[in-house]
Each structure stands twice: as C-alpha cells, then as structure tokens.
Amino acid sequence: MFEASQINRRNLAWQKVFRFMLGAMTASLILPVALILGTLVIKGTPVISFDFLFTSPTNGMTEGGIFPALLGTILLVLVALLASVPLGVAAAIYLSEYAPNNWFTRTINLAIINLAGVPSIVHALAGLGAFVLFFRFGTSILAASLTLAVMALPVVIVATRESLQSVPLAFREACWNMGATRWQTIRRIVLPNAVTGILTGVILEVSRVAGETAPIMFTGAVFFLPFLPSSVFDQTMALSLHLFVVSTQVPNMPEAVPYGVALVLIGLVLLMNSASIALRMYLRGKKKW
Amino acid sequence: MVTTYSGNGRSESTGDESGRYRVKLGVENLSIHYGSATALENVSLDIRENEIFGIIGPANAGKSSFLKAINRMDMFNPEMKVDGRIKFNGKDISRIRNVYSLRRRIGVVFPLPVGLPLSVYDNVALAPRLGGQKDRTELDVIVERCLRRAALWDEVKDRLNSLGSLLSGGQQQRLTIARALSQDPELLMLDEFSIAVDPVTTMRIEDVLKELKNEITIILVTNLVQQARRLADRTAFFLEGKCLDVGITEDLFTGEVSDQRTRDYVEGRFG
C-alpha cells in the first residue's frame, strides 16, 4: 500500500534535481570567497610582522609598515559609528514606533531607500561640499567620518527598523495596557529585544565603512603623512586608500605588500565584527521568547 | 457615588438585587468603528462594583473591541473610532487626560498568554516599576502577593529569575493574571482567558476570580457559555456588534430573556 505512484516518483525526481541545483549554486558562492581569502593569506602572510603593523612606511612606501593607515581606518570607522549609530537608531525608533502612516513618513522612507542607492563617489563629492567646505572642517578625519556616516545611515536605519518590527505587537499591547507610555514600552521591552538586530546593522556598517575608498579620498584621507593624526581635525592615512596607492601608484613596490595590506584590512573588519558578534551572542543567550 | 440607574433603561429582573449598588463602569450608547466597519453599535450597560460581569457571544460580536475601548486602546490604533460615553467611577474616560493612570487601574488578560521576554519576577514587577516603584523589598512583597493570588507562587517560587516566556501555557496565563494584579487594579478584564489553558488550570483560575470578586470588579469575556454561568453575577449577550441582553446570569439560562437569539445561543442552538 505504500508503493510510489507515477506522480510520487515524478515529484521525487524533481525534488532531487532542485535540491542538487540549489546546493550547487550555494557551493559556487563559496568559491570566490575562498579564492580571495586563500590568495590573500598565501601571498600576504609573509609580509605581516610586528614591524609591518606598527611602524610607518618608509622609502617611498616600498618599505616599513602601515601603522598610520591602520590607525586611520580604525579612527575613521569609530567616528563614523559614533555619528551614525545614535542618529540611525533614533530615526529607526521613530519610524517604527511613533510615525503615523502618512505622506511625511512615506517620504522619509523613500528618502532612506534613495540614500542607500546613491553611489559612493557622489557621497564623496557631497561630503566635500558639505563637511569640508560648508562646515569648514577642512579635509579631516571628522569630515571623512561624517561622509561615511551619511553613507552608512540607511544600513543602520533599515536594520534597526526591521529588528524593532520583529518584536511582537502583543508585547507592546501588554505593556500599553498596563499604563506604560510608548517610551517606557520601547525602553523596557522593545529595545532590549531588538538589540541583536541593531548590532547586526552595526556589523554591516563597519564592514561597509572600513573598506570604502572614494568617500574618504576627497574628504580626509591622504596618500602619505609623515606623522600620526592628533585630533579629528587632522588628515589621516587609511588602509583602503593605502591599498589603492601601493597597488597602482608606487613604482617598484614589492609584490607581497598590497596583499599584506588587503589581508590586514579584511582582518581588521573581521576583528571589529567579531567584537559585536560576541556581544550579540551574549545578548541572544540572555533574551529569548 | 450610589446610583440605581439601570443600564439601558430596560427594567432588569430584580431577583437578589438590593436595588442599591455602585456603578463601576457606566457605558452609554457606545459605538466602535474600524474605518467603515462597525464593531459595536449603541451599547449601553452598567457594570457594578464587586461583580463578575460576563460577556458572551460568538466571534466578531465586538466583545474584545468593547474591552479595548474601556482601556482607551483606541489611542494606539488610528483606525479605531469610539463614540458614546464610558464612565469609570463616574468619570467620562474620554476626558481623562492622564490615560496612563486610567490603564493602571484596569488590569487586562488576553486570550493567548503574553509572557513578556523578562524573568518571572520582572514580569510581575513591571507594572509597579512603570509606576515608579524602585524599592526591592517592596517589589518582593508585591511579586509574591500577586503570584500567590494567581495560584502560581508554589510552581515558580524557585525559579523567579528564569524567563517567563519559558513557562507552560497555563502557567504563563496565570503569570499574565499575576501581572495584571500587580497593577493593583480596581477593574480586571479577562478576554477569553481559558482559550489556551487546560481545564484544571481553568478551574484554578476561576476559583481565584471568585475570591478576587470581593475586592475588585471583573469583566469576563468568554465564549464558553457555561463559564459565564459558573462565574458571572450578571451577563450580557453580544451578537454582531449589538448587545441583545443584559441581566442576572441565571435569568439568561432560565429563559428570562428579551431576545430569542439569546436563548438560542445559551442553549447551544448556534454560535
């Protein structure tokens, strides 16, 4: 009584075909990632040393280390996070929890989507006009970071809004029924349960911001600097720009150096991400429903 | 405020009524609309202090909307429009500016238990904390008292710090009741609380309600006709947004009704 009928067999055959196809496509995705990481590790590892990480470049950048660029990228990312996370999270809370569904809200949502679609070179020019010239920050870490922050805002807003929306409405209603204000509900119930999603947004932002080259080229990052930045109003070197420079602009560059710089850049992003991933896992272990 | 105003002007059967009672909640010509859809139409009734007031009726009768209107939840739903008057302790609730203090006096229990993603302790301590209570010993007392009154204390006293949402369905519903009680409400509204609860737990909660009646007023929305009969002093029958009957519960079951459909419903002929 359990023999497969004609139609059962056909369904099973298709099921096998699709399972294989989907699996193969997934596997093919891993290929470029493995290729990139593999190449970088193999070709870049030999140049990585304490001196490479913690000294300044010398001799037309063909020798010495990349410390100013490493420090510069860390500073750029941190200042960009400081500027964009509070703003983005606040905007997302408003849009998710307070905003009435009217033309104004819809316009803001549309603006956010459009902002996400603006090419980074346009952000660079806008940042040059706004932060460097209009606000008179000059080409500086501050101007570059703010440009990056504007660019990353949609990522933070969208990720935060999604994670706020994923907290069940029933929780909010239970709270409101107890006489809680919207803000009390947000602070005590909604936000603690949305934190993991918000951190996901931050992780995405770090990854995006750390690697950007165009937006910082005109606004704060420079080719070479003989000293380290002492405030956010100084210019800085940055890993992404440094990678571009050592790959294309400097003659007689030892072949391994660009690989080493790229490896450090990726490693830095992973390191920064792993901090927030660890925090996220810790919080996720604590809160559950 | 002592009044003998009788709800919709219809003479209610007298039975065991002394004729003098305090009206906890006076509802006059209440209508509720969601956009163009009507959820409740022209309902007038009185709910008296220290009674269990049952509301029975099939789905879409407007029972839950009725509760939402009492708690001013229309504030959170721009679609929901409430007309008519609801008086809580004689005060028109649409004129209360501090609706949060109104909601704090009204405890609500939902059909499906909503264990907030907090510890058992924090679930019950939430309402007092929202009200500004910070003192730990004070909170301890409130939490224990409310969990005891909700017949849950013995089962959770050893794991007050574990997540409330990990309790079983029946326990979560009693946790919800404990949470509602932690507001020290004058009025407790239960919306089909037994839907996700096993019969034994249901009986335990019903016993709790009978005791609570001495201190507070209870509105019991239920689609279990027999539950209304077991618990409610007076009962209203809602159908398709209209209140067809209000009266002493027993009268509804013995046939003293003003609408034939009420009798059909309580006798199980539809619904």
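The numbers here are math on the coordinates, done by the rules we state, and not lab data. Note that the structure is predicted; figures quoted are calculated from it, not measured. Please note: Cβ atoms are built from the backbone with ideal geometry, for glycine as well, and neighbour counts cover all protein chains shown.
Below are the figures for this structure:
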{"item": "Cβ neighbours within 10 Å from other chains - mean over B:165-172", "result": "1"}
{"item": "Once exposed loop GluC sites (Glu not before Pro) are cut out (DSSP; at most 10 other Cβ, 10 Å), longest piece of chain A", "result": "A:4-254"}
{"item": "Relative contact order of chain B, pairs being alpha-carbon contacts under 8 Å that are 6 or more residues apart, as %", "result": "25"}
{"item": "Antiparallel DSSP beta bridges within chain B, percent to nearest 5", "result": "60"}
{"item": "Cα centroid separation - the range A:245-277 against the range A:19-97, whole Å", "result": "8"}
{"item": "Greater than 31 Å apart at Cα, pairs in B:Lys134/B:Lys213; B:Lys81/B:Lys134; B:Lys87/B:Lys157", "result": "B:Lys81/B:Lys134; B:Lys87/B:Lys157"}
{"item": "Beta bridges per DSSP with both ends in the range B:161-271, % antiparallel, nearest 5", "result": "55"}
{"item": "Chain A, relative contact order [Cα under 8 Å, separation at least 6], %", "result": "26"}
{"item": "Helix runs (DSSP H) in chain A reaching 18 Å along axis by Cα, Kyte-Doolittle at least -0.5", "result": "A:6-44, A:67-93, A:103-117, A:141-165, A:191-211, A:256-286"}
{"item": "Peptide ranges B:229-238, A:11-20 listed from the most packed, as the mean C-beta count within 10 angstrom indicates", "result": "B:229-238, A:11-20"}
{"item": "Nonlocal amide H pairs with B:Leu118, under 5 Å, H built at 1.01 Å", "result": "B:Gly164, B:Ser165"}
{"item": "Ascending count of other beta-carbon atoms within 10 Å, so fewest first, for B:Thr176, A:Thr219", "result": "B:Thr176, A:Thr219"}
{"item": "Highest-fluctuation residue, B:Ala150, B:Ala37, B:Ala125 considered, GNM on chain B with Cα pairs under 10 Å", "result": "B:Ala37"}
{"item": "Cα Rg, Dmax, the range A:1-146, angstrom units", "result": "25.9, 82"}
{"item": "Taking A:Val77, A:Val245, A:Val41 and counting other C-beta atoms within 10 Å, the order from fewest to most", "result": "A:Val41, A:Val245, A:Val77"}
{"item": "Only Lys, Arg (+1) and Asp, Glu (-1) charged, at Cβ; the protein assembly as shown dipole about Cα centre in debye", "result": "380"}
{"item": "Computed helical MRE - 222 nm, chain A, DSSP H runs ≥ 4 contributing -39500 (n - 2.57), nearest 500", "result": "-23000 deg cm²/dmol"}
{"item": "Neighbourhood net charge (15 Å Cβ-Cβ; Lys/Arg +1, Asp/Glu -1) for A:Thr62", "result": "-3"}
{"item": "Shielding score for B:192-199, defined as the mean number of other chain Cβ atoms within 10 Å", "result": "0"}
{"item": "FRET efficiency, 1/(1 + (r/R0)^6) with R0 25 Å, evaluated for A:Leu270 and A:Ala116 via beta carbons", "result": "0.55"}
{"item": "Gyration tensor verdict on chain A (Cα atoms; rounded if a/c is under 1.5, prolate if a/b is larger than b/c, oblate otherwise)", "result": "oblate"}
{"item": "Residue order, fewest to most surrounding Cβ atoms within 10 angstrom, among A:Tyr259, B:Tyr34", "result": "B:Tyr34, A:Tyr259"}
{"item": "Size of charge dipole - the range A:50-286 - debye, nearest 20, with Cβ of Lys, Arg +1 and Asp, Glu -1, no other charges", "result": "980"}
